[in-house]
Ligand SMILES: C[S@@+](CC[C@H](N)C(=O)[O-])C[C@H]1O[C@@H](n2cnc3c(N)ncnc32)[C@H](O)[C@@H]1O
């Protein structure tokens, strides 16, 4: 893994993440997860290859974010627990973990199937509005207060890709309040290089719908696939007290191959 500092404009480290990280495979080649997410739940969260995707993410969290089995973990927008199961299997279920999500049926399932077997892995439902995942939600995302307890490590995989700018900024501020260590989040991020790929017809998405808040949507329903400007994402993280921010480019731009479709930002508290 190599890193290089970019110019003064973005002042973040760029990291190229190879497809193979070179770690001992551990659970990587095991056929099925010990707890299998039903297809009807998994398909709403990036497809049925939940095991492979989750395991890759858990490996990335260890290699790029320093996650280990002793850290407490907050999973923002956890869905039915794809990351929970992958982290649990990777570190022998030794972490204290809390995931929350706006989808009641995901949380009901995860609580029964995951917490029922591994009580240090907990899940909470919040009735927060999201046009795609919980359109009737009673609470505005900007009103959400994260759990009072403190966490070492936070993750938000494929969540800000469904949220608007002010909602995302609020969630990042809340994360900054409760997390003392690393925050690993995934995004579709637009900068000059991504823009050039879109203009050249090379990127997987065009994000053709510019929204008033500076984000861009790929579909008519904005919440389906939201892209944020890289600079604004970095500003939000810095405003929330994070520094040492690394950008790992996602495969969606087709600038280079990598392990994950979405961009990743790894941010640390000093
Ligand atoms: C593509 S899924 C990703 C799920 C999980 N992070 C993963 O990677 O497996 C997006 C998730 O974000 C959740 N979500 C959307 N808006 C949210 C919000 N305002 N607060 C918490 N979760 C939210 C959705 O309910 C959904 O579970």
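Filter the range 108-135 for residues that are farther than 17 Å from residue 96 by Cα, more than 9 Å from the ligand (Cβ to nearest atom) and buried (at least 17 other Cβ atoms within 10 Å of the Cβ); which is farthest from the chain's Cα centre (by Cα)?
My answer is 109.
Taking residue 260 and the conditions (1) more than 30 Å from residue 151 (Cα to Cα); (2) in contact (Cβ under 8 Å) with a residue 40 or more places away in the chain, which numbered condition does it fall short on, given that it satisfies the others?
All conditions are met except number (1).
Would the range 64-72 turn up any residue that is buried (at least 24 other Cβ atoms within 10 Å of the Cβ) and part of a helix (DSSP H, G or I)?
no
Hey, can you tell me all the residues within the range 80-104 that are surrounded by fewer than 24 Cβ atoms within 10 Å (Cβ to Cβ), assigned to a helix (DSSP H, G or I) and free of Cβ contacts under 8 Å to residues at least 40 places away in the same chain?
Listed by number, the list holds a single entry, 104.
Criterion first (under 16 Å from the mean Cα position of the chain (by Cα), within 12 Å of the ligand (Cβ to nearest atom), closer than 16 Å to residue 264 by Cα and without any contact (Cβ under 8 Å) to a residue 60 or more places away in the chain) does residue 77 satisfy it?
Here the answer is no, as residue 77 does not meet what is asked.
Identify, please: which residue in the range 136-147 is closer than 30 Å to residue 70 by Cβ and touching a strand residue (DSSP E or B) at 6+ places or on another chain (Cβ under 8 Å) and is, among those, surrounded by the fewest Cβ atoms within 10 Å (Cβ to Cβ)?
Applying the filter and picking the extreme gives 147.
Might you check whether a residue that is within 10 Å of the ligand (Cβ to nearest atom) and under 24 Å from residue 63 (Cα atoms) occurs anywhere in the range 136-143?
no
In the set 150, 169, which member is more than 9 Å from the ligand (Cβ to nearest atom), under 27 Å from residue 216 (Cα atoms) and surrounded by fewer than 23 Cβ atoms within 10 Å (Cβ to Cβ)?
Details: 150 fails: under 27 Å from residue 216 (Cα atoms).
From the options 150, 169, the qualifying one is 169.
Of the residues in the range 81-104, how many are more than 10 Å from the ligand (Cβ to nearest atom) and out of contact with any strand residue (DSSP E or B) (no Cβ under 8 Å at 6 or more places or on another chain)?
Looking only at that region, the number is 5.
Bear in mind these aren't lab numbers, they're just calculated from the coordinates by the rules spelled out. Quick caveat: nothing in here was measured; it's all calculated off a predicted structure. Glycine also receives a Cβ, built like all others from the backbone with ideal geometry; neighbour counts cover every protein chain displayed.
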